[in-house]
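Below: the structure, in structure tokens.
The values are calculated or read from the model by the stated rules, or taken from the named source; none is laboratory data. Predicted model only: the values in this text are computed from it and were never measured. We place every Cβ from the backbone using ideal geometry, glycine too, and count neighbours over all the protein chains shown. Calculation scope for accessible area: heavy atoms of the full protein, side chains included, ligands and nucleic acids excluded. Shrake-Rupley method; radii C 1.70, N 1.55, O 1.52, S 1.80 Å.
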Amino acid sequence: MRNGAEGVLLDFDGTLTKPAFDWPAMQREMALPAAPQAAGRLGAPGEVSILDYLAAAPVPEAARVAAILERHEVEAARRAEAMEGAHDLIAFLERRGAPFGVVTNNARRHVLPMLERTGLSIGTLVTRDIGVWKPDPRHVLAGAEAIGVRPGRCVLLGDGRFDMMAARAAGMTAVHLSPGPGLPCDYRVSTLAEATELLGRLLG
Ligand SMILES: [Mg+2]
């Protein structure tokens with residue numbers, strides 16, 4: 001076990017909140033050309049990363065896809081519910097005095113109402129609005145900087161492939177929240193209660 005973690009970065013959608021995205025419906029509507037890229041918050045297995053696609057697409061195509069994404073993100077935000085154990089995890093980090101923050105590929109305009117709706121209290125929030133996003137390690141490195149902890153002393157907890165890719169590329173300890181094995185990571189937990197227990201040990 002790697003000890004000496006000092007700070008914690010948390011993915012948001014599917015980690016602190018329950019999955020609320022209708023991926024199959026959105027992907028059918030977008031009908032993006034398939035590309036052999038990895039999965040994550042905005043890209044299911046075998047599909048192109050939607051954010052990367054948007055950044056590279058010609059303006060009319062980007063506008064078409066962005067409108068579909070926006071509609072689904074607004075809908076998911078309206079349905080947001082805290083994941084079981086999310087409030088306990090945040091309360092634990094606050095009690096421990098461990099610096100922590102959220103690093104999400106979602107946009108601030110969606111995350112803020114979701115925080116309001118779920119009652120989750122997050123002081124540090126790094127979103128895709130900074131112009132980079134997971135799996136780009138610069139996104140999680142911005143999170144580390146925001147909480148004032150060196151990347152090698154950060155633990156990143158997330159449910160997606162892009163979370164694990166970004167954390168590992170940034171030299172962080174990658175903890176995968178998943179009911180079953182799947183992604184390369186340093187630790188896997190199946191619930192946030194397990195994650196809280198693990199963080200208790202890693203922050204020791
Ligand atoms: Mg996620």
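Rounded to the nearest 0.05, what FRET efficiency do Glu116 and Glu145 give with R0 = 30 Å and r taken as the Cβ-Cβ distance? Could you check? Before the final figure, lay out the partial values.
Details: r = 26 Å, r/R0 = 0.86.
Approximately 0.70, to the nearest 0.05.
Please compute the Kirkwood hydrodynamic radius over the chain, one decimal place, Å, based on all pairs of different Cα atoms. Let's see the in-between values first.
On the way: mean 1/r = 0.0589 Å⁻¹.
Across the chain, the inverse of the average 1/r is 17.0 Å.
Just to be sure I understand: of the beta bridges DSSP finds with both ends in the chain, what percent are antiparallel, rounded to 5?
Numbers: 2 of 19 bridges.
Among the beta bridges of the chain, antiparallel pairing accounts for roughly 10 percent.
What is the magnitude of the charge dipole of the range 55-149 about its Cα centre, with +1 placed on the Cβ of each Lys and Arg, -1 on the Cβ of each Asp and Glu, and no other charges, expressed in debye to the nearest 20? If you can, show how the numbers build up before the last one.
Values: 12 positive and 12 negative charges, 18 e Å.
Approximately 80 debye in magnitude.
Using only DSSP helix segments of four residues or longer, with each worth -39500 (n - 2.57), what per-residue ellipticity at 222 nm results for the chain after dividing by its residue count and rounding to 500? Provide the component values of the computation, followed by the final result.
Details: 8 runs with 88 residues, N = 204.
Estimated from H runs of four or more residues: -13000 deg cm²/dmol.
In whole percent, how big is the carbon plus sulfur part of the accessible area of the chain, probe 1.4 Å, protein atoms only? Numbers along the way, then the final one.
Working: 4940 of 9040 Å².
Ligands and nucleic acids excluded, carbon and sulfur reach 55 percent.
Run the quick spin-label model on Ala107 and Ala31: label points 7 Å from Cα toward the beta carbon, then report their separation in nm to one decimal.
Between Ala107 and Ala31, the simple spin-label model gives 2.4 nm.
On a 1.4 Å probe surface of the protein chains, which of Glu29, Glu116 comes out largest in accessible area, and what is the full order?
Numbers: Glu29 70, Glu116 155 Å².
These residues rank, largest area first, as Glu116, Glu29.
Suppose the chain between Glu94 and Glu70 were pulled fully straight at 0.36 nm per residue; how much longer would it get relative to their current alpha carbon spacing?
Working: separation 24, 0.36 × 24 = 8.64 nm, distance 3.26 nm.
Result: 5.4 nm gained on full extension.
Quick one: accessible area per residue over the chain, 1.4 Å probe, rounded to a whole number of Å²?
On the way: 9040 Å² over 204 residues.
Heavy-atom SASA per residue in the chain reads 44 Å².
Can you put Arg201, Arg138 in order of accessible area, largest first, using a 1.4 Å probe? Can you show the working numbers first?
Numbers: Arg201 110, Arg138 140 Å².
Listed by decreasing accessible area, they come as Arg138, Arg201.
So for the chain, taking the charge dipole from beta-carbon charges (+1 Lys/Arg, -1 Asp/Glu), which of Gly131, Ile147, Gly14 sits furthest toward the positive end?
Ile147
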